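The values are calculated or read from the model by the stated rules, or taken from the named source; none is laboratory data. Not measured: the values here are computed from a predicted model. Please note: Cβ atoms are built from the backbone with ideal geometry, for glycine as well, and neighbour counts cover all protein chains shown. When the accessible area is computed, the model is the full protein with side chains, heavy atoms only, and any ligands, DNA or RNA have been set aside. Shrake-Rupley method; radii C 1.70, N 1.55, O 1.52, S 1.80 Å.
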Amino acid sequence: YVKDTHRRPRKNVHVHYGLSLFPLYKGTAFRASLRVCNTGLDRFPHTIQGNIDSGATDHFMPASYRGIAHTPVQQGIKVGCANGSFMRAIATDILALPQLPNNARSCHKFNDISIPLISVPKLCEAGCTVDFQHDMVTINNKQGTTLVTGHWDPYRYLYMIDIPTRTPAPTLVK
């Protein structure tokens, strides 16, 4: 049951659960259902939010990103940061955005990055155009077809796009 002690503000709502919330899911049945659920979830891509950055010289991703071709590197590129420090790439990968041209999909991965940076110059060099509008951003190919759309994030003051962290696994039919 939900006990609402105050009408306003809503952050004061208290939720209490009974003792037997899921009486059917105990022991091995519970573990088996979680396994089935996780197997199903692993077949679909997960996404992260990446910033469309006109100042980035290449696509820069967090080390945790898993695209199509993760490749560790011994001496990755060295990149200067806005605060004057430097960081070195630990791997390269291919963005899981198959709609982009192949020469616009490679990226470098860093331990020191939390928000992915998608390079406008790299997209333009690959023949794409990037159109910033009031509340959205679009990446188009040479023919004007929209490849990727994103949105303006008012909390971060950044234009963001969804980037899949991996491609979906093929479904096996028996």
_Selection within the stretch 124-163 - in contact with a His (Cβ under 9 Å, 6 or more places away or on another chain) and among the aliphatic types (A, V, I, L, M)_ = Met136, Val137, Met160, Ile161
_Taking the condition of being under 21 Å from Leu147 (Cα atoms), surrounded by 15 or more Cβ atoms within 10 Å (Cβ to Cβ) and out of contact with any helix residue (DSSP H, G or I) (no Cβ under 7 Å at 6 or more places or on another chain), how many residues in the stretch 102-114 meet it?_
3
*From the residues in the stretch 139-157 that are over 17 Å from the mean Cα position of the chain (by Cα) and polar (S, T, N, Q), which one is nearest to Pro101 (Cα to Cα)?*
Asn141
*Out of the residues in the stretch 106-116 that are of a type outside the set (S, T, N, Q) and at pLDDT 95 or above, which is nearest to Ile77 (Cα to Cα)?*
His108
*Kindly indicate the residue of the stretch 128-174 that is hydroxyl-bearing (Ser, Thr, Tyr), farther than 19 Å from Ile48 by Cβ and surrounded by fewer than 11 Cβ atoms within 10 Å (Cβ to Cβ) and also modelled with the lowest pLDDT among those meeting that condition.*
Thr171
*Only one of Ser119, Ser85 is at pLDDT 95 or above and polar (S, T, N, Q); which?*
Ser119
*Considering every residue within the stretch 75-89, establish whether at least one is free of Cβ contacts under 8 Å to residues at least 40 places away in the same chain and buried (at least 20 other Cβ atoms within 10 Å of the Cβ).*
yes
_Given the condition closer than 19 Å to Leu158 by Cα and under 12 Å from the mean Cα position of the chain (by Cα), answer yes or no: does some residue in the stretch 40-48 qualify?_
yes
*List, please: which pairs have Cβ atoms under 6 Å, are six or more places apart or on different chains, and start with a residue in the stretch 97-117 that is on the phi < 0 side of the Ramachandran plot and end with one that is in a helix (DSSP H, G or I) and open to solvent by 10 Å² or more (accessible area, probe 1.4 Å)?*
Ala104/Lys122
